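Okay, so here's the structure we're looking at.
Rule-based calculations on the coordinates, nothing more; no lab input. Every value quoted in this text rests on a predicted model; they were computed, and no experiment measured them.
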Amino acid sequence: MAETERARGLYKELADRVDERLFGVRDALRFVMVGILTGNHVLIDDVPGVGKTTLVRMLSTLLGLRFRRVQFTPDLMPTDITGTSVLNLKTNEFEFRAGPIFTQVLLADEINRATPKTQAALLEAMQERQVTVDGQTYPLPDPFFVLATQNPIELEGTFPLPEAQLDRFLLRVRLGYPDEREEQRILTSKPSERTLPDRALADLPPLAELRDDIAAIGLELPVRSYIVSLARATRDHPELAVGASPRAVEQMGDASRAFAMLDGRDYVLPDDVKALAEPVFGHRLVATTDARIRGRGADEILREVLRSVPVPTELDD
């Protein structure tokens, strides 16, 4: 299909450009692109210094999307994000002054440092693509994405995201450390080579068209059944208090189609679902108290579920 080749070409060009500044993040970039192509939000959960903010900045520029960054802190107020009504002394009327959320890509940096009240200010925007201030509703731009970052190690002064907020993120992505060869590249790169791009890619296909193309990617019955079996296995697992939600099942279907399209295929493989299982399901699962006491987390249990659920070998409907 010409559509899948166009998507694969875009991903390759993006990956090559990002690789000029950030080394070893091609796999993570593919996951973030899945979120963008499906019109969903992504949580980048990793330690400081691996390039989370730089990746979002580069991706926004290369895709030609308006970008705003908000540093989340404990004293950040909801109106600092959404905007507020201000009295115009000339007209003696209140006027709405839009906050930084009125953009196409919002980088919510260290989102878990803000209070739950401020975190909740994003819920309506992430789900409904709108903001309500003083009883007045304002639509957000299209496209609109929240790409949030958080540090999973440092817990002092943080407020863990509630399950309702985590469920709004399609994917949780971890960049990880570059391998030894990539770190050698870091040391041999020149300061002049570490600049960020200042313009979008040439001949950039409209994201709306790519989103429409995803619907044409085949999701055969065996793969659909595999997704459902994985989700139900998480709900039935005795060490999981919360399993994958129906929203997670729906979004796994969308994500696996986009993942296949970025690989140049017009059909989804079980391996696509396996690759996406932790990014799509992992952050939505909650281990029981007994499991956590024994040092078993949701990710470890999910990997066991992946090993226990049979993988379909035939894709004929």
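For all pairs of alpha-carbon atoms in segment 60-153, what percent lies in each bin of width 5 Å, listed from the first bin to the last filled one? Percent of pairs per bin, in order: 3, 13, 23, 24, 18, 11, 7, 2, 1, 0, 0. In sequence order, segment 281-297 has phi-based couplings of 8, x, 6, 9, 8, 10, 6, 5, 4, 4, 5, 5, 4, 7, x, 9, x Hz under the Karplus curve 6.51 cos²θ - 1.76 cosθ + 1.60, θ = phi - 60°, and Gly or Pro positions carry x.
Largest GNM mean-square fluctuation across GLU300, GLU180, GLU20, computed for the chain with C-alpha springs under 10 Å, falls on GLU180.
Taking the Kirkwood radius as Rh and the Cα radius of gyration as Rg, segment 213-310 has a ratio of Rg/Rh equal to 1.01. With Cα atoms as the point set, segment 127-166 shows a radius of gyration and Dmax of 14.3, 39 Å.
Principal axis analysis of the Cα atoms in segment 107-264 yields extents of 52, 45, 39 Å, listed in decreasing size. Structure remark: mean-square fluctuation, Gaussian network model of the chain, C-alpha springs under 10 Å; the largest value among SER256, SER192, SER229 belongs to SER192. For the pair segment 261-297 / segment 3-36, the C-alpha centres are spaced 21 Å from each other.
Summary value for segment 1-188: 31 percent relative contact order, contacts being C-alpha pairs under 8 angstrom separated by 6+ residues. Using a cutoff of 8 angstrom between alpha carbon atoms and counting only pairs six or more residues apart, the relative contact order for segment 213-310 works out to 36 percent. In terms of overall dimensions, segment 74-126 has a Cα radius of gyration and Dmax of 13.0, 40 angstrom.
Legend: Rg and Dmax of segment 180-257, from Cα coordinates, 20.9, 54 Å. Note: segment 117-195, Cα convex hull, 190 Å³ per residue. With contacts taken as Cα pairs under 8 Å and at least 6 residues apart, the chain reaches a relative contact order of 23 percent.
Listed values for segment 5-12 are Karplus-derived 3J(HN,Hα) couplings in whole Hz (6.51 cos²θ - 1.76 cosθ + 1.60, θ = phi - 60°), namely 5, 5, 5, 5, x, 5, 4, 4, and x replaces Gly and Pro. Share of Cα-Cα pairs in segment 272-317 beyond 14 Å, in percent? Everything past 14 Å amounts to 57 percent. Remark: segment 44-59, residue by residue, has Karplus-estimated 3J(HN,Hα) of 9, 10, 7, 6, x, x, 9, x, 4, 5, 4, 4, 5, 4, 5, 5 Hz, where x stands for each Gly or Pro and the curve is 6.51 cos²θ - 1.76 cosθ + 1.60 at θ = phi - 60°. Anyone know which of GLY253, GLY282, GLY135 comes out most mobile in the 10 Å Cα GNM of the chain? Sorting by GNM fluctuation, first place goes to GLY135.
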